[in-house]
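Scroll down for the structure; my scribbles are underneath it.
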Amino acid sequence: QVQVVESGGGSVQAGGSLRLSCSASGSIFNLHNMGWYRQAPGKQRELVAGITRDGVTNYGDSVKGRFTISRDNARNTVYLQMNSLKPEDTAVYYCKAEITTYSGTYYPERWGQGTQVTVSS
């Protein structure tokens with residue numbers, strides 16, 4: 001069994017910064033693509049940022065230049081550094097991981113439980 005757990009959410013004023021972390025645990029043989037998504041009330045879940053195992057990144061248009069995704073393969077962890085936060089960044093942020101276990105089980109999508117980010121004006 002594998003788990004994905006996010007941490008680091010909270011409340012911040014506009015213009016501030018937060019750093020989210022997402023760790024995968026369990027019998028992980030390979031941690032492939034990882035990504036951050038967010039969902040605001042009444043809206044669909046959207047991609048915030050993604051990163052391949054080799055470190056190739058992509059970002060949603062609304063966060064380009066403000067957010068940075070990175071990963072530590074030795075720790076099975078991905079980070080999201082969020083700067084210049086805006087009230088419209090308020091949402092629940094979810095981590096998604098693509099995982100292969102030592103037993104050969106492949107999970108194309110394992111989601112965390114989400115962490116709330118609230119940005120006040």
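The values are calculated or read from the model by the stated rules, or taken from the named source; none is laboratory data. Model, not experiment: these values are computed from the prediction. Using ideal geometry, Cβ is built from the backbone for each residue, glycine included, and neighbour counts are taken over all protein chains shown. We work out accessible area using only protein heavy atoms, side chains counted, and drop any ligands, DNA or RNA first. Shrake-Rupley method; radii C 1.70, N 1.55, O 1.52, S 1.80 Å.
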**Asked** Which of the residues belonging to region 30-43 are open to solvent by 50 Å² or more (accessible area, probe 1.4 Å) and either at pLDDT below 95 or under 20 Å from residue 89 (Cα atoms) (or both)?
**Response** 39, 41, 42, 43
**Item:** Checking residue 41 against (1) in contact (Cβ under 8 Å) with a residue 60 or more places away in the chain; (2) closer than 16 Å to residue 118 by Cα, the condition it does not meet
**Value:** (1)
**Message:** Consider region 1-26. How many of its residues are open to solvent by 50 Å² or more (accessible area, probe 1.4 Å), assigned to a loop (DSSP other than H, G, I, E, B) and either within 18 Å of residue 85 (Cβ to Cβ) or modelled with pLDDT of 95 or more (or both)?
**Reply:** 3
**Complete:** Filtering strands (runs of 3 or more DSSP E) wholly in region 60-121 for at least 2 residues that are open to solvent by less than 30 Å² (accessible area, probe 1.4 Å) and touching a Ser or Thr at 6+ places or on another chain (Cβ under 8 Å) gives 77-82, 91-101, 115-120
**Asked** Is at least one residue of region 44-54 open to solvent by 60 Å² or more (accessible area, probe 1.4 Å), among the acidic types (Asp, Glu) and not in a strand (DSSP E or B)?
**Response** yes
